[in-house]
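The values are calculated or read from the model by the stated rules, or taken from the named source; none is laboratory data. Predicted model only: the values in this text are computed from it and were never measured. Positions of Cβ are generated from backbone atoms using ideal geometry, with glycine treated the same way; all protein chains shown enter the neighbour counts. Note: accessible area is taken over every heavy atom of the protein model, side chains too, but ligands, DNA and RNA are not part of it. Shrake-Rupley method; radii C 1.70, N 1.55, O 1.52, S 1.80 Å.
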Amino acid sequence: MAAYYTLHIAGLTRELKICPISEKLDIAAFILFSDVELTEACARELAKRVPECDYILTAESKGIPLAYEMSRQLKVPYIVARKSVKGYMTDVLSVQVKSITTAAVQTLYLDGEKAAWMKGKRVLIVDDVSPDAAINHYRHRALQQLVKSAGGEIVGNAAPLAEGDAAERKDLIYLEQLPLFFKD
């Protein structure tokens, strides 16, 4: 029988399935896909807390619904760092990333046109969860590296949840802390 973690966030309650990541670690799965009510509520609460920005940047794919909704509410464009190069992309910037939820090393790609948009602009990095540094900080660092490579200024890092020690980060704007579940 599956175990669940009860999360209270942005005035809502959700039961998050606890999922094994390794022999020693489980995480509570926070999924915004298909949960429009949760996505809108988290975006609304985060939008109240983030600094002014010219663009929002997220990584494909779980951050897209939140970035879109924050973009809509804040009335600023959002940009997606893709997991593969698409035919329309030119002068592509790339950064390698390793995630705890994906087995292989991945590469994030940014279209050169979108990179040019960010040059000299204020960029807010948005993701679904800001991970514990000891577990998985690579995607976040990859997004930061893409902004810097494009010549943008990072004005903030926002996520509905700060996982584990991510809640101690001074540069993170989040709504709730999400515990990690360590096994003996």
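Provide the percentage of antiparallel DSSP beta bridges, counting only those with both residues in segment 45-124; round to the nearest 5. Mind dumping the intermediate values first?
Working: 6 of 12 bridges.
Close to 50 percent.
How much of the accessible area of segment 15-126, probe 1.4 Å, is carbon plus sulfur, in whole percent? Write out the running numbers ahead of the final one.
Numbers: 2880 of 5730 Å².
So the carbon and sulfur contribution to the accessible surface is 50 percent.
222 nm [θ] for the chain, helices only, -39500 (n - 2.57) per DSSP H run of 4+, per residue, to 500?
Working: 4 runs with 43 residues, N = 184.
The helix-only estimate for the chain comes to -7000 deg cm²/dmol at 222 nm.
If you place +1 on the Cβ of every Lys and Arg and -1 on the Cβ of every Asp and Glu, how big does the dipole about the Cα centre of segment 21-104 come out, in debye to the nearest 20? Walk me through the numbers before you get to the answer.
Working: 11 positive and 11 negative charges, 35 e Å.
Dipole size: approximately 160 debye.
In nm, to one decimal, how far is the modelled label at TYR4 from the one at GLN73, with both set 7 Å along Cα→Cβ?
Between TYR4 and GLN73, the label points sit 2.4 nm apart.
Which whole number of Å³ per residue matches the convex hull of the alpha-carbon atoms in the chain? Can you show the working numbers first?
Details: hull volume 22.4 nm³, N = 184.
Each residue corresponds to 122 Å³ of Cα convex hull volume.
Hey, what's the Kirkwood Rh for segment 26-120 if you take every pair of different alpha carbons, in angstrom? Don't jump to the answer; show the numbers that get you there.
Numbers: mean 1/r = 0.0680 Å⁻¹.
About 14.7 Å, per the Kirkwood formula over Cα pairs.
By per-residue mean of other Cβ atoms within 10 Å, what is the highest-first order of 120-131, 67-78, 16-27, 149-160? Show your work: numbers first, answer last.
Details: 120-131: 23.2, 67-78: 17.7, 16-27: 14.2, 149-160: 20.2.
So the peptides 120-131, 67-78, 16-27, 149-160, ranked by packing, come out 120-131, 149-160, 67-78, 16-27.
Which aspartates and glutamates have a Cα lying under 17 Å from the Cα of LYS121, excluding residues fewer than 8 positions away in the same chain?
Correct list for LYS121: GLU52, ASP54, ASP111, GLU113, GLU153.
For the cross-link pairs LYS148/LYS170; LYS75/LYS119; LYS83/LYS114, which exceed 21 Å when the distance is taken from alpha carbon to alpha carbon? Present the calculation step by step, with values, prior to reporting the outcome.
On the way: LYS148/LYS170 19 Å; LYS75/LYS119 19 Å; LYS83/LYS114 15 Å.
Pairs exceeding 21 Å: none.
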